[in-house]
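**Student:** Pasting a structure here, questions to come.
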Amino acid sequence: MSNPTNNTDKQPSFGGFSEVNANESAVTRQISGLGGWLILIQIGLIYSLLSDIIQVIGNGIFNTTAWDKLTDPASASYDSLWKPILITQLAFYSVFTLFVLFTLISFYRKKKFLPKLMITYYAVSFLFSVLNFILVMQIDNLETATDVPITQTSLVTGLVISAIISSLWIGYFIRSKRVRNTFIN
């Protein structure tokens, strides 16, 4: 008696589904939830939100003391580019704080569009790092200014780290089974 389905694996077949396919989909369904590598994503988003809030409130380079030292022409650390750079950074951190908050809410609600939000998050973070690098490198007295907490080395290091982190996590959000199975609402 011939078997109507051409099942060369010699696996039992029930209505076109083999036992192997059923077990594979059961395993795929098990890989879901906010565990695994997504724990690091949660930590990163919360850290990003808190550090962006701290930047906007003024505990970082935006505090009045640093602002005055960098934007006052009488200061040794003055450069005419500091004011537009600081305003650009403040605007970015303000908008990005709201974006991260929205992303965190979408993350915990397991929204279907979250992978696209995360890819956008990492792409924008990297692009801002590049823009920040280009702008700050235009400052002539960057290395000699005493009141500037930024160095060329720290800028290059930050840019390289941002590129590595962004490319790894963007790849993760594109290929991960856990991501596909978790963010379905």
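**Student:** Starting at 0 and stepping by 10 Å, how many percent of the alpha carbon pairs of segment 121-185 end up in each bin?
**Tutor:** 20, 36, 23, 13, 7, 1
**Student:** How big, on average over all directions, is the shadow cast by the Cα convex hull of segment 84-139, in nm²?
**Tutor:** Computing the convex hull of the Cα atoms and averaging its projections yields 3.7 nm².
**Student:** Tell me the Kirkwood radius of segment 43-185: reciprocal of the mean inverse pair distance over distinct alpha-carbon atoms, in Å.
**Tutor:** Answer for segment 43-185: a Kirkwood hydrodynamic radius of 16.6 Å.
**Student:** Compute the distance in nm between two label points, each set 7 Å from the Cα along the Cα-to-Cβ direction, one at residue 159 and one at residue 185.
**Tutor:** 4.0 nm
Any read-out appearing in this document is the output of simple, stated calculations on the displayed coordinates, not a laboratory observation. Everything numeric here is computed off the predicted structure, so don't read it as measured data. Every residue, glycine as well, gets a Cβ built from its backbone with ideal geometry; the counts of neighbours run over all protein chains shown.
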